[in-house]
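Read through the structure below, which is laid out as C-alpha cells, and then see the notes.
Please treat every number below as a calculation from the coordinates, not as lab data. All figures in this text were calculated on a predicted structure; none of them were measured in a lab. Note that each Cβ is placed from the backbone with ideal geometry, even for glycine, and that neighbours are counted across all protein chains shown.
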Amino acid sequence: MSSKSELIFGLHAVEAVLQRQPERIIEIYALKGRQDDRLVNIINAGRQQGISVQFMARKVLDNKSDDERHQGVMARVKPAAQLNETDLAELLEKSKVPPFLLILDGVTDPHNLGACMRSADAAGVTAIIVPKDNASKITPTVQKVACGAADTVPFIQVTNLARTMRFLQDEGIWIIGTAGETDKNLYQTEFKGPIALAMGAEGSGLRRLTREHCDELIKIPMAGSVSSLNVSVATGVCLFEVIRQRQL
C-alpha cells in the first residue's frame, strides 16, 4: 500500500469520513454477500460520491485488517492533515466559548486513545493534545474504537508538551492534572473556566515534568481495593464531571 494512503475499518469510522471528508476516500471494500441496511447505506453513499466499491470475501478483509473486527467494511483513504502547535493557537483564537482541552501524556495503547477520543467528542472537548513522541497516533484501530470521533475532535501533536502547557497558561487556561499522590479529589475541584485536563499514560501516569507544569493536581476517589482505573475510563469520569459542573 502506498505511504500516501491508509486503511480505516468499521461502520462508524467509514461513515464518519464519508459524511465529513468524502474527498479523502480512495475506494471502499465491502463484504461480499452482506446486505444489511447500514452497509448498503455506506455503499450507496460512496457511489453517490463517485467512490469505487469493491466486494471481497471475508478472508480477504480479515487479512487486510490484521484480523481486527472490520464489521464488513473498510476504506482506503488519504491520511488526514496533521495538526500542530500553530493550529492549536489558531483554534484557541477562534474559539467563542471557554476552551476545554484534553492533554494525554504518553498514552500508547490505540484502544485507549480511541476510547478517550470518543469520550472527548461526547463531552464537547475543544481539542486533544498529545506529544509527538512516545504516544499513539491516529491509527485504523484508533479510528474504529473512536466511532467517528477521530474525525470530529481536533488532534494536536506537539513537539514539546511542557512548552505547550506554558503557552496554554499564558493564554489563561488552567491546567488540572491527575495524580494518585495528591489529597484533592475530582469532586472538590472547579471546572467552569478555560481549562485543560491532563491525563497520564497507562500504568505510569503523568510524567514528572508534565506534573510540574500543572496548576493543580487531583485524583479520582476510589472506594474499592483497585488502586487505579484504566486511562480511558478515568478520562471519561473526569470529562463528565466537567460537563456536570458546566451545566449547573
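Take every DSSP beta bridge with both residues inside the chain and express the antiparallel ones as a percent of the total, to the nearest 5. Present the calculation step by step, with values, prior to reporting the outcome.
Working: 10 of 37 bridges.
Taking every DSSP beta bridge within the chain, about 25 percent pair in antiparallel fashion.
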Fill in the blank from the handout: Checked against the positive end of the charge dipole of the stretch 6-77 (+1 on Cβ of Lys and Arg, -1 on Cβ of Asp and Glu, about the Cα centre), the farthest of Gln49, Leu18, His70 is Gln49
Problem - Reachable lysines from Lys184, criterion Cα separation under 22 angstrom, eight or more residues apart if same chain - result: Lys192, Lys219
Practice task
Mind pulling the angle between the C-alpha long axis of helix 110-123 and the longest principal axis of the chain? Nearest 10 degrees, somewhere in 0 to 90.
Solution key: 70 degrees
Exercise for the section: Specify which residue in the list Ile138, Gly172, Leu186 is farthest towards the positive end of the charge dipole of the stretch 128-202, using unit charges on the beta carbon of Lys, Arg (+1) and Asp, Glu (-1), about the Cα centre. Expected result: Ile138
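Answer rounded, prolate or oblate for the stretch 166-248, using the Cα gyration tensor with square roots of eigenvalues a ≥ b ≥ c: rounded when a/c is under 1.5, else prolate when a/b is larger than b/c, else oblate.
Details: a/c = 1.91, a/b = 1.19, b/c = 1.60.
It is oblate, given that a/c is not under 1.5 and a/b is not larger than b/c.
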Handout entry: Cα gyration tensor shape of the stretch 85-246, rounded if a/c is under 1.5, else prolate or oblate by comparing a/b with b/c
Key = rounded
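Would you mind ranking Leu91, Leu113 by Cβ crowding within 10 Å, fewest neighbours first?
Working: Leu91 16, Leu113 27.
With the fewest neighbours first, Leu91, Leu113 line up as Leu91, Leu113.
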Practice task
Give, in nm to one decimal, the length gained when the segment between Gln245 and Lys137 is fully stretched (0.36 nm per residue of separation minus the Cα-Cα distance).
Solution key: 35.8 nm
Exercise for the section: Rank these for me by crowding, Glu212, Glu85, going from fewest to most other beta carbons within 10 Å. Expected result: Glu212, Glu85
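I need Lys96, Lys144, Lys4 ordered by Cβ neighbour count within 10 Å, fewest first.
Exposure proxy ranking, most exposed first: Lys96, Lys4, Lys144.
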Completion exercise
Amide H proximity to Ile26 below 5 Å, modelled H, separation 5+ or other chain, gives Arg76, Val77, Lys78
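How would the stretch 1-125 be classified by its alpha-carbon gyration tensor: rounded, prolate or oblate, with rounded meaning a/c under 1.5 and the a/b versus b/c comparison settling the rest?
Details: a/c = 2.10, a/b = 1.81, b/c = 1.16.
Prolate, because a/c is 1.5 or more and a/b exceeds b/c.
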